[in-house]
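Notes for the one structure printed next.
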Amino acid sequence: MILSRLMAVVAVLLVLAGCGTPSKFRTYNGPEVTHIRVYKAERRMELWHHDRMLRAFRVQLGNPDGHKQQEGDRRTPEGRYYIDRRNPNSRFHLSIGISYPNAEDRARAAARGVSPGGDIFIHGRGPRFQNARGDWTDGCIAVTDRQMEDIYAMVRNGTPIDIYASRAAARAPKAPVLVAPVPAPPVAVSAQPVMPAAADTAVLPDGGAPLVAADWLTRLQEP
């Protein structure tokens, strides 16, 4: 009897050991995520397949006020970027990278003599920030670990991401880019009549015989 109970306990332990820890890597076979939109004021991120929204998430940010200007300002950037890398071993569970800074960000920071910063990710919370409240990141976009598992499976590298200050900012018409017209190069006008080359000939309108260049000016001066 005792032996039977011991065998039953061992069997249960073996089953539990075989189960192990559930994998954080999930599979996704749905429509392709073609575009990501983030609205900072609303703390909302949306995954889109062309004109159809697939998923929406409540997010936490860094400093939400304005576009990221330099390293250390903790701001979440604004603008058009791309998903350019992923980290399966992130200390924030899982993460996918955003291609900040772009050329415009680098040029703006260089003009101010500062570093634009970098390492902006969409990531989970990891063990350290499970109970974090408010905007706690250093400029990244954070979701729960479970949500990050879905995002990691759904979003591929190269996916464009637009980060807006708010929905209203996303709807605002963009100012037209003014391009100064390029003036046409001046055309040189000769004061002398242009005469045919010596070898050229012309046929008179009245069907007369062709004239060589030497006869051209004489015929034009006739009444």
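The values are calculated or read from the model by the stated rules, or taken from the named source; none is laboratory data. Computed from a predicted structure; not experimentally measured. Because the Cβ atoms are built from the backbone with ideal geometry, glycine has one as well, and the counts that use them run over all protein chains shown.
Can you tell me which residue in the range 129-171 is surrounded by the most Cβ atoms within 10 Å (Cβ to Cβ), limited to those that are assigned to a strand (DSSP E or B), among the β-branched types (Val, Ile, Thr) and touching a Lys or Arg at 6+ places or on another chain (Cβ under 8 Å)?
Applying the filter and picking the extreme gives 163.
Are any residues in the range 98-116 within 16 Å of the chain's Cα centre (by Cα) and either within 19 Å of residue 26 (Cβ to Cβ) or assigned to a helix (DSSP H, G or I) (or both), and if so, which ones?
Once the filter is applied, which keeps residues that are within 16 Å of the chain's Cα centre (by Cα) and either within 19 Å of residue 26 (Cβ to Cβ) or assigned to a helix (DSSP H, G or I) (or both), the range 98-116 yields 103, 104, 105, 106.
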*asked:* Exactly one of these conditions fails for residue 33: (1) of a type in the set (Val, Ile, Thr); (2) modelled with pLDDT under 90; (3) in contact with a helix residue (DSSP H, G or I) (Cβ under 6 Å, 6 or more places away or on another chain). Give me its number.
replied: (2)
*the range 166-179 residues that are closer than 16 Å to residue 38 by Cβ, paired with ones that are modelled with pLDDT of 65 or more and surrounded by 10 or more Cβ atoms within 10 Å (Cβ to Cβ) (beta carbon under 7 Å, 6 or more apart)*: 166/39; 166/40; 166/41; 166/42; 167/39; 167/42; 170/39; 170/164
*Looking at (1) within 19 Å of residue 160 (Cα to Cα); (2) buried (at least 16 other Cβ atoms within 10 Å of the Cβ), which is the one condition that is false for residue 80?*
(2)
_Residue, surrounded by the fewest Cβ atoms within 10 Å (Cβ to Cβ), within the range 93-123, restricted to residues that are without any contact (Cβ under 8 Å) to a residue 40 or more places away in the chain and under 14 Å from residue 162 (Cα atoms)_ = 102
*Matching option when the condition is among the acidic types (Asp, Glu) and either modelled with pLDDT under 95 or under 15 Å from residue 38 (Cα atoms) (or both), among 149, 78*: 78
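Residue-wise test of (1) out of contact with any His (no Cβ under 9 Å at 6 or more places or on another chain); (2) within 25 Å of residue 54 (Cα to Cα); (3) of a type in the set (A, V, I, L, M); (4) modelled with pLDDT of 95 or more.
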site: 131; (1), (2), (3), (4): yes, no, no, no
site: 155; (1), (2), (3), (4): yes, yes, yes, yes
site: 158; (1), (2), (3), (4): yes, yes, no, yes
site: 162; (1), (2), (3), (4): no, yes, no, yes
site: 173; (1), (2), (3), (4): yes, no, no, no
site: 189; (1), (2), (3), (4): yes, no, yes, no
site: 195; (1), (2), (3), (4): yes, no, yes, no
site: 198; (1), (2), (3), (4): yes, no, yes, no
_Yes or no: the range 176-187 includes at least one residue that is within 25 Å of residue 68 (Cα to Cα), loosely packed, with under 15 Cβ neighbours inside 10 Å and modelled with pLDDT of 95 or more._
no
*residue 121 fails exactly one of the following numbered conditions: (1) touching a Ser or Thr at 6+ places or on another chain (Cβ under 7 Å); (2) among the hydrophobic types (A, V, I, L, M, F, W, C); (3) not in a strand (DSSP E or B). What is the number of that condition?*
(3)
